[in-house]
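In what follows, a single structure is set out as structure tokens and then discussed.
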Amino acid sequence: MGAVGDRRGAILATALALAGVAGAPSSARADDPRALKEASALFDGGVQARKRGDQHEAALMFARADELVPDPAALEAALRAAVLADEAVLGMKLVARAEGRGPLEGAIADAVQEARTKLGGRVGTISVVGCHECRVWVDGTLVTTEGPQWVTTGAHDVVFEVDGGASTARVSVRVEAGRNVDVTPAASPAAPPAAPAAPPAPIAPASTGLSPFWFWAGLGATTVTGSITVGLAVRTRALHQSFLHEERPELADDGRTFQNATNVMALVTAALVLTTAGIGIFAVRWTQQPPPVSGAISLGTGRATVLLGKSF
């Protein structure tokens, strides 16, 4: 392999003869002084890159030099650098190039066999079919639609641009080692019909009135005054019974005081009952029907009732 690097420009100086022996279809470039000069510079750059240990760069330079002026030595150097750089896709592209030039012998045949053995199990090809006037990207890289494209094994995204970019199609493929996958632009799946829009929710009319808080506050106050009234009524009856048995003046005074207080609280409670009921029925802004109020406030306990107007 070192002998190949030492040849450098001398190899390309005899490119016409070498290209003729190789039988490359593009050998007409070998009589182009510019192509010879550029290929020689690339070959020299590949040798320098190989000395630096940059096998990837060396493989690219040797391959480009061989592309400009087909030469078995440059192609062999590119193949061996691709193997050392572990560039599976580039290596198999160079294998296909070498095999396309006719029977392989000697060092170039050995280089092809080495590349196929070490790299061939990690690549396959994608062939674009049925898309003559479109542009194709494989994993974001623009590729030619002529001939199979070498790719690593695994999943790949293929994007087709059809009619000058008027429409695109995307195809996902999985490539297996040593196998080819034909891809064609598939029609993009139709978008599912849009679901009918839900009718707008009815807007509730602005409600007016008092907050339910006032009804519940009135009910609470009524309960309190009613309880007080019951307590006063019980005390008043007890004093009345004591006065009937003892007829003491102080009992009469106390009885009259409690009787008056009971009557006042009874009137207050009755007023609260009527007011609370009116608020709940006519004034409160209910979001739901108010819960039914069961029961009634009793102004007495057992047989102890308020005797309005009865004097001691």
Worksheet item: Reachable aspartates and glutamates from Lys37, Cα under 17 Å, same-chain residues fewer than 8 places away excluded?
Response: Asp66, Glu67, Asp71
Discussion item. Can you tell me which aspartates and glutamates have their Cα less than 14 Å from the Cα of Lys51? Leave out same-chain residues fewer than eight positions away.
Written reply: Asp6
Worksheet item: In percent, what relative contact order does segment 50-98 have, based on Cα pairs under 8 Å that are 6 or more apart in sequence?
Response: 37 percent
Practice prompt. Largest first and to the nearest Å, give the Cα extent of segment 55-158 along each principal axis.
Written response: 40, 26, 25
Practice prompt. Measure off 7 Å from each Cα along the Cα-to-Cβ vector at Glu250 and Ala221, then give the distance between these two points in nanometres to one decimal.
Written response: 3.8 nm
Discussion item. Taking 0.36 nm per residue of sequence separation and subtracting the Cα-Cα distance, how much length would be gained by fully extending the chain between Val89 and Thr117, in nm to one decimal?
Written reply: 8.8 nm
Item to complete: For Asp182 and Trp137, compute 0.36 nm times the residue count separating them, minus their Cα-Cα distance, and round to one decimal in nm.
Response: 14.8 nm
Worksheet, complete the sentence: Honestly segment 124-183 on the Cα gyration tensor test (a ≥ b ≥ c root eigenvalues; a/c under 1.5 rounded, otherwise a/b vs b/c for prolate or oblate) is just prolate
Worksheet item: Among Thr262, Thr275, what is the fewest-to-most ranking by other Cβ atoms within 10 Å?
Response: Thr275, Thr262
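Every read-out reported here was derived from the displayed coordinates using simple, explicitly stated rules and does not represent laboratory data. Predicted, not measured: the structure shown is a model, and the values here were computed from it. Note that each Cβ is placed from the backbone with ideal geometry, even for glycine, and that neighbours are counted across all protein chains shown.
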